[in-house]
1. Provide the net charge surrounding Asp191, with neighbours chosen by a C-beta distance below 15 Å and charges set as Lys +1, Arg +1, Asp -1, Glu -1.
2. Give, as a single signed number, the net charge of other residues whose beta carbon lies under 11 Å from the beta carbon of His105, with Lys and Arg counted +1 and Asp and Glu -1.
3. When a/c reaches 1.5 or more, the comparison of a/b and b/c decides; with that in mind, is the chain rounded, prolate or oblate per its Cα gyration tensor?
4. For Arg164, list long-range residues whose amide hydrogen, built 1.01 Å from N in the peptide plane, is under 5 Å from its own amide hydrogen.
5. About its Cα centre, how strong a charge dipole does the range 5-193 have in debye, to the nearest 20, once Lys and Arg get +1 and Asp and Glu get -1 at the Cβ?
6. Check which residues have an amide H placed less than 5 Å from Thr32's amide H, if you skip close sequence neighbours.
7. Which ³J(HN,Hα) values, rounded to whole Hz and listed in residue order, are derived for the range 131-138 from phi using the Karplus coefficients 6.51, -1.76 and 1.60 in 6.51 cos²θ - 1.76 cosθ + 1.60 with θ = phi - 60°, glycine and proline given as x?
8. Could you give the length gained by full extension between Ile51 and Lys130, i.e. 0.36 nm per residue of separation minus their alpha carbon distance, to one decimal place?
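Every read-out reported here was derived from the displayed coordinates using simple, explicitly stated rules and does not represent laboratory data. Remember, predicted model here, so these are calculated numbers, not experimental data. Glycine gets a Cβ as well: all are built from the backbone with ideal geometry, and neighbour counts include every protein chain shown.
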Amino acid sequence: MAPPSALIFIANGTEEMEFTIVYDTLVRAGVTCTSAAVWTADEAKPEHSNIVTCSRGIKIVADTSLQSLDADSITKYDILVVPGGAKGAETISGDARVQEAIRTHLASKKHVGMICAGSLAAKTSGLAGKYDLTSHPSVKTDLEKDFNYKEDSVVVSDNLITSRGPGTAFPFALQLVEILCGPEKRRAVRDPMIFPSNDYIF
């Protein structure tokens with residue numbers, strides 16, 4: 001049986017931690033991950049070579065670009081993930097192909113994850129009124145009228161999983177591991193990471 005697979009979107013301005021922590025944690029669980037750069041019309045040039053500049057200036061080479069994927073290939077992934085970062089989330093959530101992929105995935109009972117400002121993709125994809133969700137506080141007012149807004153670190157609502165920001169990236173990623181691979185795999189991935197004890201003060 002093939003391992004679960006994830007398509008993780010990334011764009012100029014994506015929040016580094018939300019992308020890399022999710023990608024890394026899923027790989028540790030045996031999930032086959034592919035990152036897809038989403039370019040605006042002005043950015044879609046061959047010389048980019050899928051090199052994305054994230055919100056803090058870190059450059060990441062995406063595995064592929066959204067433009068090079070057809071709709072059928074996207075539907076083969078078990079989960080789509082939309083990270084945050086204001087500029088990156090704006091690009092990803094505003095892309096019509098991303099929106100269609102999200103709607104198709106959820107209609108097919110497959111999973112979609114969104115974190116931080118990436119949760120704006122729930123609104124742009126026309127999911128208003130259908131799900132509980134959370135997001136970074138900076139985009140709460142954009143979402144709370146159209147969704148049952150919550151302030152939990154991670155919110156699971158049917159097949160939509162949302163989270164709040166860089167500080168919740170690990171619990172978000174581990175929740176995705178549990179959904180795709182089960183609770184035992186979540187524990188197997190989590191324990192060697194050596195998270196602080198509960199009495200640790202950040």
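1. Neighbour charge sum, excluding Asp191 itself: +3.
2. Charge balance near His105 sits at +2.
3. It is rounded, given that a/c, with a ≥ b ≥ c, falls under 1.5.
4. Cys116
5. 280 debye
6. Placed amide hydrogens put Ser5, Ala6 under 5 Å from Thr32.
7. For the range 131-138, the Karplus-derived couplings read 9, 7, 7, 9, 6, 5, x, 5 Hz, x marking Gly and Pro.
8. 24.9 nm
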